[in-house]
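Following: one structure in C-alpha cells, then a few remarks.
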Amino acid sequence: MTRTFLIRGMICGIAAGLLVFLYARLFGESSVAGAIGFEEQIAHLAGAAHDHGDEIVSRDVQSGWGLFVGVIAFSTALGGLFSLLCAYAWGRVGKLSARATAALLAGACFVAVYLVPFLKYPANPPSIGNADTIGTRTQLYFGMIVISVVAMVASLNLGRSLARRLGIWNAAIAGGATYLGLVIIAAVLMPAVNEVPEAFPATLLWSFRTSALVMQLILWASLGLLFGELTQRS
C-alpha cells in the first residue's frame, strides 16, 4: 500500500506542479521582471552599470524551462512526501474518508509549512535584501517553519486527547487556539526582517507576494484534492 500511495502522490505532485507552473508563467513572472527592472533602474540612477555577475543560466531559461523543471521536481518530491503522510494519518484522525483525510492534511500543511512562516517572513522579489544577511534570513525562515510544524503536531495531539472529554468540536477549537497562541508567541519573539527599500513600488511588492501565496495555495489544494479523489476511488 505504501508503494501505491507513493507513486500516486508523485503523479498528483506532477499534476499540481503543472498548474503552479502555468500560474507562475502567466502571472508571477511579470512581478519578477519588474523587480529586476527596478534594481537596474536604481543602479542606473546611481551612475553604476548593473552587474548580474557570471550568468550561468540566462533569464529566458530561468523563466521558461528552468522554472518548469524546478517546479515539477519540487512538486513531485512534495507529492511523494504528502502521500506517505496520508498513509500514516489515514484512520488516525477520526472516521474520515480518504478524500477528507487528504483535504484536511493538505490544509494543515499549507497553514503550518507555508502560510504562518510567510506571515512572519513574507517572500521578497529577487534583488531585494542584503546579500550579507541571506544566511541569517534563511535560518530564521526555516526556524519559523520548524516551530510552526511542531506547534501544529502538538495541537493536533492535544485535540485528539481532549476529544473524548470535550467532544470533537470543542477539542478542535482547543487545539486550534493552542496552535494560534504558540505561533503568535513565536512570531513576536523572533526577530523581524525588513530589507525592502523605501522606494520599491508597493504595488509590485504586493503583486509578487500575492503570486507567491497563490502558487502555494494552488499546489497544496490541487495536491490534496487530487490525491484524495484518486485514493477514494481506489
Exercise for review: Sketch the reach of a paramagnetic label on residue 68 as a point 7 Å from Cα along Cα-to-Cβ, and name the residues of region 1-28 whose backbone nitrogen lies under 17 Å away.
Suggested key: 14-28
Check your understanding: Mind checking Rg over Rh on region 116-234, alpha carbons, Kirkwood formula for Rh?
Key -> 1.07
Review point. How far is the Cα center of region 109-142 from the Cα center of region 153-167, in Å?
Key: 31
Review point. Mind checking the dipole of region 127-234: about its Cα centre, +1 per Lys or Arg Cβ, -1 per Asp or Glu Cβ, Debye to the nearest 20?
Key: 600
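In Å², what does the accessible area per residue of region 172-216 work out to with a 1.4 Å probe? Mind dumping the intermediate values first?
Numbers: 2730 Å² over 45 residues.
Value for region 172-216: 61 Å² per residue.
Could you order peptides 96-108, 20-32 by the average number of other Cβ atoms within 10 Å of their residues, highest first?
Numbers: 96-108: 19.2, 20-32: 17.5.
Highest-to-lowest ranking by the protection proxy: 96-108, 20-32.
Report the net charge of residues surrounding residue 227, where surrounding means a beta-carbon distance below 13 angstrom and charges are Lys +1, Arg +1, Asp -1, Glu -1.
Working: positive: 8, 99, 233; negative: 229.
Net charge in that neighbourhood comes out at +2.
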Practice item. Give me the net charge of residue 87's neighbourhood, meaning all other residues with Cβ under 11 Å from the Cβ of residue 87; Lys, Arg count +1, Asp, Glu -1. Key: +3
Exercise for review: May I ask for the distance between the Cα centers of region 1-21 and region 179-197, given as a whole number of Å?
Suggested key: 33
Point to revise | Shape parameters for region 94-174, alpha-carbon atoms, Rg then Dmax in Å | key: 16.9, 53
Point to revise | By average C-beta atoms within 10 angstrom, highest first, the peptides 152-158, 132-138, 7-13 | key: 7-13, 152-158, 132-138
Practice item. Report Rg(Cα)/(2.2 N^0.38 Å) for region 172-234, keeping two decimals. Key: 1.70
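Kirkwood Rh over Cα pairs of region 95-139 into Stokes-Einstein at 37 °C, 0.692 mPa s: D in µm²/s?
The diffusion coefficient I find is 253 µm²/s.
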Practice item. Just name one of 213, 143, 178: the one whose Cα is farthest towards the positive end of the charge dipole of region 137-234 (beta-carbon charges, Lys/Arg +1, Asp/Glu -1). Key: 178
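The values are calculated or read from the model by the stated rules, or taken from the named source; none is laboratory data. It should be emphasised that the depicted structure is a prediction, and the values quoted were computed from it without experimental measurement. So basically every Cβ, Gly included, is an ideal-geometry build from the backbone, and we count neighbours across all protein chains shown. Accessible surface is based on the protein model in full, side chains and every heavy atom, while ligands, DNA and RNA are left aside. Shrake-Rupley method; radii C 1.70, N 1.55, O 1.52, S 1.80 Å.
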